[in-house]
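These notes are about the structure you will find just below.
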Amino acid sequence: MAWVVLIASGVLEAVWAAALAESRGFTRRGPAVLFLAALVLSMTGLAYAMNDLPAGTAYAVWVGVGATLTAVWAITTGKEKATVARVFLLLCLVCCVAGLKAVS
C-alpha cells in the first residue's frame, strides 16, 4: 500500500508544480487553491509512505515521479520542447525510479 500511496503522491507533486506555475505568483486564485490542496495531499502521502519505506528511497521515487510527470506535462502543453536528449533522460529517470522499486 505504501508504494501505491507514494506513486499517487508523486503524481500530486506534478499537479502542484504545474498549478504553481499557472498561479503566476499566486495572483490567480484557482491554480493557487489547486496548488495548496495538491501540496498538502502530496506531502501527507509522502509522510505516510515513509512509515513503511526508507526515507531516501521514498523521497527519490516521489521526486522522480513528480519531476518526470511535470516535464511530460510541460512538453504536452507546448511549454517545453521534446528533444531527443530530454526524452532519453526522462526515460532514464523512469528506469531509475523503477529500479529503486525493484531493489526495495
Please go through (1) in a loop (DSSP other than H, G, I, E, B); (2) at pLDDT below 95; (3) of a type outside the set (D, E, K, R) for Thr57 and return the number of the only condition it doesn't satisfy. (1)
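Regarding Glu13, is this residue in contact with a Lys or Arg (Cβ under 7 Å, 6 or more places away or on another chain) and either modelled with pLDDT of 95 or more or surrounded by 12 or more Cβ atoms within 10 Å (Cβ to Cβ) (or both)?
On the way: in contact with a Lys or Arg (Cβ under 7 Å, 6 or more places away or on another chain): no; either modelled with pLDDT of 95 or more or surrounded by 12 or more Cβ atoms within 10 Å (Cβ to Cβ) (or both): yes.
Criteria not met by Glu13.
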Tell me whether the stretch 38-49 contains one or more residues that are surrounded by 16 or more Cβ atoms within 10 Å (Cβ to Cβ), over 25 Å from Ala2 (Cβ atoms) and either touching a Ser or Thr at 6+ places or on another chain (Cβ under 7 Å) or modelled with pLDDT under 95 (or both). no
Some residue of the stretch 68-85 being under 23 Å from Ala98 (Cβ atoms), in contact (Cβ under 8 Å) with a residue 24 or more places away in the chain, polar (S, T, N, Q) and not in a helix (DSSP H, G or I): no
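The values are calculated or read from the model by the stated rules, or taken from the named source; none is laboratory data. Bear in mind the structure is a predicted one, so any value in this text is a computation, not a measurement. When we count neighbours, we look across all protein chains shown, and the Cβ atoms used for this are built from the backbone with ideal geometry, even at glycine.
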